[in-house]
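The values are calculated or read from the model by the stated rules, or taken from the named source; none is laboratory data. Source: prediction; values computed, not measured. All Cβ positions, even for glycine, are placed from backbone atoms using ideal geometry, and neighbour counts span all protein chains on display.
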Amino acid sequence: MGFTIRTLVEDDYQSFCAVVSAAFLGDPDPADAAFERPLYDLDRVHGVFEDGEMIGSAAVTTRDLTVPGGGPRPTAAITSVGVRPGHRRRGVLTSLMRAQLHGLHDGGREAFAVLWASEGSIYGRYGYGLAAQFTDLSVPRGAAFHRGVDVGDGAVREVSREEALPVARALYERVAPTRAGYLSRTGAEWEQHLADGERHRGGLSKYRYVLHPRGYAVYRVKFAWGDRGPENELHVRELVAEDDRAYAALYRYLLDVDLVAELKFYTGSEDPVLHLLHNPRLARRANRDSLWVRLVDLDRALTGRGYLSDVDVVLDVTDEFCPWNADRWRLTVREGAAGVRRVTDEPDLRLDVGALGAAFLGGTRLTTLAGAQFVRERTPGALRSLSHALLGEVAPHCPEVF
């Protein structure tokens, strides 16, 4: 193989930043490196070295992620995965994934890992499953709501960043534990999420901040003028509300901003705005993959979330990359309490660990995965029973890329 792998120390940080930049075809930026340094615990970052040069990297950031019926749970949020051009297809990425996942298991760390994939074909071979999607939404300015929508009487107003952020952070911390797919945020992660230097704007305006007594929104403007007048786009970064009326009020405000032609938002795949609209066809939507989930320790992960209904099934699970999960497991849920144990009983279902990862956040139906031949039913009715139990009350959504 010809290379070594280890966790990093402070002297490795600039090389790590250079590897990530090169892997994503960018140029190292000292300002970005300094800005992002608080995001990383270097003893949770692996580097691959060849002849003293770092040629690959992968990082774990320590976050909590809200799971269905279970609230926030510790998760290994995987980021900054990359291999330098010229060193690919030599096993570097596989070594990084093995060091990460086996290290989590051996150290008794987080029971599951999550990531956003730069390419959709990469992580399935390491046992990740596609667990959540987001919607690329576009709605024309002024789109009317149906007559029954109640926006309440809470005032919506634009405020400065300094006034908005303390309110937004407090509200997010109340809401995130109730929304599957939402991540906890440290101060450094808030700064990264709403970074607003010129280099972060992509040609758009500074962030604008909107407050409601029970919600907030953040957006930018993409300026454009045509022969018939303004064609500006309002790009929503985040919209969070504690109740339905606040949610509708914030959307109503954003849809009515003057001199705007279109509202655009990377939002949840089940954003209720589609049904708020009098004419749902005005909402153009395209779904894309967001979170991929990897169960590191299957038993600890499955007992850490809630279930929509009782179930008692035996699963024959395959897992080539993390063989400690490969076994027959009985999953029993009674009155919300789940138990998982190894058994020798005949299986009701056969599936790969990636299918369980895909279903873990409650947004991907096991019946759908069976249709894609990721799951094989041995006992009639077992598939339907487990698929229903694993569902969440709403589809998961992660409002940030990490």
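Listing for the model above:
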item: Residue 180 vs. criteria touching a residue at least 60 places away in the same chain (Cβ under 8 Å), buried (at least 16 other Cβ atoms within 10 Å of the Cβ) and either not β-branched (Val, Ile, Thr) or not assigned by TED's automatic domain parsing to the domain that holds residue 304 (or both); result: yes
item: 2 or more residues within 19 Å of residue 111 (Cα to Cα): qualifying helices (runs of 4 or more DSSP H) within the range 326-402; result: 353-359
item: Of the criteria (1) of a type in the set (Gly, Ala, Ser); (2) within 15 Å of residue 130 (Cα to Cα); (3) assigned by TED's automatic domain parsing to the domain that holds residue 330; (4) out of contact with any helix residue (DSSP H, G or I) (no Cβ under 7 Å at 6 or more places or on another chain), which one residue 395 fails; result: (3)
item: Residues of the range 346-370 classified as of a type in the set (Asp, Glu) and within 15 Å of residue 302 (Cα to Cα), total; result: 1
item: Residue that is surrounded by fewer than 17 Cβ atoms within 10 Å (Cβ to Cβ) and hydrophobic (A, V, I, L, M, F, W, C), where the choices are 224, 217; result: 224
item: The range 322-361, subset closer than 20 Å to residue 378 by Cβ, free of Cβ contacts under 8 Å to residues at least 40 places away in the same chain and touching a Ser or Thr at 6+ places or on another chain (Cβ under 7 Å), residue surrounded by the most Cβ atoms within 10 Å (Cβ to Cβ); result: 348
item: Qualifying position, being modelled with pLDDT under 95 and over 22 Å from the mean Cα position of the chain (by Cα), among 148, 197; result: 197
item: Residue 26 vs. criteria assigned to a loop (DSSP other than H, G, I, E, B), out of contact with any Cys (no Cβ under 9 Å at 6 or more places or on another chain) and either β-branched (Val, Ile, Thr) or on the phi > 0 side of the Ramachandran plot (or both); result: no
item: Any hit, the range 240-256, residues being in contact (Cβ under 8 Å) with a residue 24 or more places away in the chain, part of a strand (DSSP E or B) and of a type in the set (Asp, Glu); result: no
item: When residues of the range 261-312 are limited to those that are more than 20 Å from residue 219 (Cβ to Cβ) and among the β-branched types (Val, Ile, Thr), the one nearest to the chain's Cα centre (by Cα); result: 293
item: One residue from 300, 305 being in contact with a strand residue (DSSP E or B) (Cβ under 6 Å, 6 or more places away or on another chain), outside any strand (DSSP E or B) and basic (Lys, Arg); result: 305
item: Identity of the residue in the range 27-68, of a type in the set (Lys, Arg) and within 20 Å of the chain's Cα centre (by Cα), that ends up farthest from residue 179 (Cα to Cα); result: 44
item: Candidates 288, 237, 281 - the one that is over 24 Å from residue 69 (Cβ atoms), at pLDDT 95 or above and part of a helix (DSSP H, G or I); result: 281
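Listed here are the residues, each with its yes/no results for (1) outside the structural domain of residue 239 (by TED's automatic domain parsing); (2) in contact with a Pro (Cβ under 7 Å, 6 or more places away or on another chain); (3) not in a helix (DSSP H, G or I).
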| position | (1), (2), (3) |
| --- | --- |
| 97 | yes, no, no |
| 103 | yes, no, no |
| 139 | no, no, yes |
| 147 | no, no, yes |
| 150 | no, no, yes |
| 162 | no, no, no |
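For every residue, the table says whether it meets (1) buried (at least 20 other Cβ atoms within 10 Å of the Cβ); (2) in contact (Cβ under 8 Å) with a residue 40 or more places away in the chain.
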| residue | (1), (2) |
| --- | --- |
| 134 | yes, yes |
| 146 | no, yes |
| 150 | no, yes |
| 155 | no, yes |
| 170 | no, no |
| 174 | no, yes |
| 199 | no, yes |
